[in-house]
Amino acid sequence: MCGIVATIGFREAAPLLLQGLQHLEYRGYDSSGLATLTSNQLHCCKAEGKLAHLWEKLEKTPVAGCCGIGHTRWATHGKPDARNAHPQLDEANQVAVVQNGIIENHRLLRQRLEQQGVHFRSDTDTEVIPHLVAQALKDLGGTVPPTSLLRLAVAQAVQQLQGAYALAVIWLGQPKELVVVRYRAPLVVGLGEGQFFCASDTPPLAGVASSIVSLEDGEMARLTPLGVELFDESGQRTQRTPQPLRGGDYTADKRQFRHFMLKEIHEQADVAAAWVERCLETTAEESLTTVLRNVERVQILACGTSRHAALVGAHLLEQLAGIPSSVHYASEFRYAPPPLLPHTLTIGVTQSGETADTMAALTIEMERHRALEPGTPPRLLGITNRIDSSLGRQAPHILDLKAGVETGVAATKTFLGQMLAFYAIALHLASQRHEASAQVRACREALAQLPEQLSQVLRTMDQCCADLAHRFAETRSMIYLGRGINYPIALEGALKLKEISYIHAEGYPAGEMKHGPIALLDQHVPVVSIAMPGPVFEKVLSNAQEAKARDARLIGIGPVCGDTEIFDVLLPIPPVHELVSPLLTTVPMQLLAYHVAAHRGLDVDQPRNLAKSVTVE
């Protein structure tokens, strides 16, 4: 969950690295650093905390060189301080390495190196790598051409590593050379005019590179000012046609909004307008039609917010299309997958397309599908906002959210996009199965009204939640309740509050509150209850009444009507068909979490300990 950027060419590296790291700070922001090479010196600068601290250091002590590597860190091994920040160096300060991933056997490697007299200066798993590269350089020296020495030394070092990693390595012995390698962690090479790059993601390459090459597992690239050489896992030269990079797709601008998160919440009406058209089309996209044909059951793999969207999706698939559906934590699924039956569609959901647990679970499923139905393509569908990601390259069928760049770490508009993707899937499956029920027709009619209703909720709800936020100044715990299709929205509302305000919150099916959680309730524990008209409306109100009887402050999300007078505060939602209601009830959840965090003066866009793209297991 760290960010890597590297460059080599004819321009000074440090400004390019800092610019790239700015675009990668969502991947890690507890420390940062960079290293550059001149003909006779390796310069390294590191700083604790946000990237701004590194900028300040470099303004006082600039570093020179046209070859360099940079890093934003999300700590896994060792405290988030300058000593553990990347780049990590060998003892002679001649080899510098930045890494994204985890080296699972680093303890054994560290013990072996220490026994050989190597002195370690950090607590990171990464530091074993520059020491291994330095040893390999010494062993190979004089036996291979100088232009191959660093590449072969890195290859020898990574053969000893277990885990997942993307690396960028520089060496003072070859100041005009940069070697990068990936294994189960994203890494992209960018080609510009007289300048070459690599990065963990494409946003840092926008505006400086015109085309990209995405490295596959085990591949290595050697970058020099003259070009890029690509090598496969066996060390053989390989060729691949670069793909154009559309820089406009990755630009981020807060416009008039205080934070990216608030801007992205307000962009959801546009996301809905684009998706509703896709949901209501009578014929699905060709790829979707193919993968949905003859589906008899669905299993969905996801983590975090994506899993909550998947829970909404499973409800829709069962209620609209009559397809038995199950949702699994990807992190658990991969270690105990259930039996795979014929005609099962597996859906992987990850907004970044890089979530390590989801990608690993999907890899397992691709092999199981091939074993179950030999000779046929794996029945696997990916849902992501980044089709240029690992998921986009691996999954045979992809649904692109097309939600635009989402900079805030806490997902908002991509969550809405994921839910809408499931509406499209469920409606198309219902059409294939000739399910023309009254419920399907009502859902289609309600979706047609969604963009305008969503715009209305955004206009009215923002100030409502801002006015409410001050009441949570001393709150330490909250409970969110929902039933049926809105239970996942209760889970998501609690998650959003935890992520950005650091208030403990839990989501429950409203009917389960009396089976334990009610013991937590008193005047200090607010309860947020989603109460939308439908089969469970009266039961939700009864459950809310139970909370009110325990002196809990009661916040309702639902339509204005006599029944909702039991709430101390009502966040009003226009009347809508219950099956479509999650697309509206999610908005006050997001805005409430946002305004509570903003009122507390917290870093909304980059909450502590979190990263946008979760690339470690």
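Just so you know, all these numbers are worked out from the coordinates, no wet-lab data involved. The structure displayed is predicted, hence computed values, not measured ones. Note that we place each Cβ from the backbone using ideal geometry, even for glycine, and neighbour counts take in every protein chain shown.
Between residue 170 and 96, the built amide H atoms are under 5 Å apart, and every one of these is 5 or more places off in sequence or on another chain. Here the Kirkwood formula, the inverse mean of 1/r across different C-alpha pairs, assigns segment 167-224 a hydrodynamic radius of 11.7 Å.
Remark: segment 490-501, residue by residue, has Karplus-estimated 3J(HN,Hα) of 4, 4, 5, x, 5, 4, 4, 5, 4, 4, 10, 10 Hz, where x stands for each Gly or Pro and the curve is 6.51 cos²θ - 1.76 cosθ + 1.60 at θ = phi - 60°. Secondary-structure-derived ellipticity at 222 nm for the chain, considering helices only, amounts to -11500 deg cm²/dmol, per-run term -39500 (n - 2.57) for DSSP H runs with n ≥ 4. With respect to the chain, whose longest principal axis is taken over its alpha-carbon atoms, helix 13-24 is tilted by about 20°. Annotation: amide H of residue 571 within the under-5 Å range of 556, 557, 558, sequence separation 5 or more or interchain, hydrogens built in the peptide plane. For the pair residue 455 and residue 226, a Förster radius of 56 Å applied to the C-beta separation gives a FRET efficiency near 0.60, rounded to the nearest 0.05. In the calculated pair-distance distribution of segment 455-602, the portion above 18 angstrom amounts to 50 percent of the Cα-Cα pairs. Greater than 30 Å separation of Cα atoms is the criterion. Which listed pairs, 263/548; 254/539; 60/138; 57/496; 46/176; 57/176, meet it? Those over the limit are 263/548; 254/539; 60/138; 57/496.
Fewest neighbouring Cβ atoms within 10 Å first, the residues 261, 478, 366 line up as 366, 478, 261. Each residue of segment 149-154 was assigned a 3J(HN,Hα) from its phi angle through the Karplus expression (A = 6.51, B = -1.76, C = 1.60, θ = phi - 60°), giving 5, 5, 4, 5, 5, 5 Hz with x at Gly and Pro.
Of the residues 85, 163, 65, the one whose Cα sits farthest toward the positive end of the charge dipole of segment 3-245, with +1 on the Cβ of Lys and Arg and -1 on the Cβ of Asp and Glu, is 65.
The slack between residue 568 and residue 363, meaning 0.36 nm per residue of separation minus the straight C-alpha distance, is 68.9 nm. Seen from residue 285, the other residues with C-beta closer than 11 Å to its C-beta sum to a net charge of -2, counting Lys and Arg as +1 and Asp and Glu as -1. Applying both filters, DSSP loop and at most 14 other Cβ atoms within 10 Å, to the trypsin sites (Lys or Arg not before Pro) of segment 293-362 gives 293.
Compared with the dominant Cα axis of the chain, that is its longest principal axis, helix 106-115 is turned about 30°.
Nearest-5 percent of antiparallel DSSP beta bridges in the chain? Here the share of antiparallel DSSP bridges comes out near 65 percent.
Computed from the C-beta positions of residue 10 and residue 83, the FRET efficiency with R₀ = 45 Å rounds to 0.85. Using a simple spin-label model with pseudo-atoms 7 Å out from Cα toward Cβ, residue 609 and residue 211 lie 4.5 nm apart.
Our estimate of slack between residue 329 and residue 61, defined as 0.36 nm per intervening residue step minus the Cα-Cα distance, is 91.8 nm.
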